[in-house]
1. Within segment 80-131, how many residues are in a helix (DSSP H, G or I) and either modelled with pLDDT of 65 or more or touching a Pro at 6+ places or on another chain (Cβ under 8 Å) (or both)?
2. Does SER74 qualify as being at pLDDT 90 or above and part of a loop (DSSP other than H, G, I, E, B)?
3. So which residues in segment 72-92 are farther than 13 Å from GLU15 by Cα and touching a residue at least 24 places away in the same chain (Cβ under 8 Å), if there are any at all?
Amino acid sequence: MRTALRAEPVLFGVELPVNLLRRDLDEVTGTVLSAGTPHLLVIRTPGPGLVWYGAIHSRSSEAIAATEVLDGWSGYFTRDDDAGWHQYDPTLADVQLCCAHLIRALRAVLLLAPNKVGRPAHRPAPRGQWPGRWRPPGRPDQPRPGDDRRSAGPL
């Protein structure tokens, strides 16, 4: 399965936390054998195709690397931005962030700075604030060269 996945030009990767009835314990001491939260690691091809599932003790780079699924692979990888995946970036053709994670991050930016991120796409721009008439902050009253109109301000 690993060899078949490595032959693919594009792969998706995700790690998902799982709830367990109990953690693996040392039989003598009774202490938990591994640090971190157990996760399910999924590496798959786009669309119908290959899907590899693996259990990892945490989403650390060491736990992901121990699966050896992506060793020597150099294709296009879609993933979240968790640091455990960053170890593969130097050898990959390119990385695309998972769209769901990207949208979640952009929503967080909007929540943190709602007045700094422009206008929602479903609302029309106020009169006089069209993209071709934008001015840098601090000098909204100065026309661009070749533009004899005055701006109503930045978007």
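1. So the first thing to find is which residues in segment 80-131 are in a helix (DSSP H, G or I), and the list is 83-91, 99-112, 131.
If we keep only those that are either modelled with pLDDT of 65 or more or touching a Pro at 6+ places or on another chain (Cβ under 8 Å) (or both) too, we end up with 83-91, 99-112.
Here the count works out to 23.
2. Working: at pLDDT 90 or above: yes; part of a loop (DSSP other than H, G, I, E, B): yes.
Criteria met by SER74.
3. The initial filter retains those residues of segment 72-92 that are farther than 13 Å from GLU15 by Cα, namely 72-77, 86-92.
Scanning segment 72-92 gives GLY72, TRP73, GLY75, TYR76, PHE77, HIS86, GLN87.
Each row is one residue, and each column tells you yes or no for (1) under 21 Å from the mean Cα position of the chain (by Cα); (2) surrounded by 14 or more Cβ atoms within 10 Å (Cβ to Cβ).
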position: VAL14; (1), (2): yes, yes
position: PRO17; (1), (2): yes, no
position: GLU27; (1), (2): no, no
position: THR78; (1), (2): yes, yes
position: LEU112; (1), (2): yes, no
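The values are calculated or read from the model by the stated rules, or taken from the named source; none is laboratory data. For clarity, every value in this text was computed on a predicted model and none was experimentally measured. Reconstructed Cβ throughout: ideal geometry from the backbone, glycine too, with neighbour counts over all protein chains shown.
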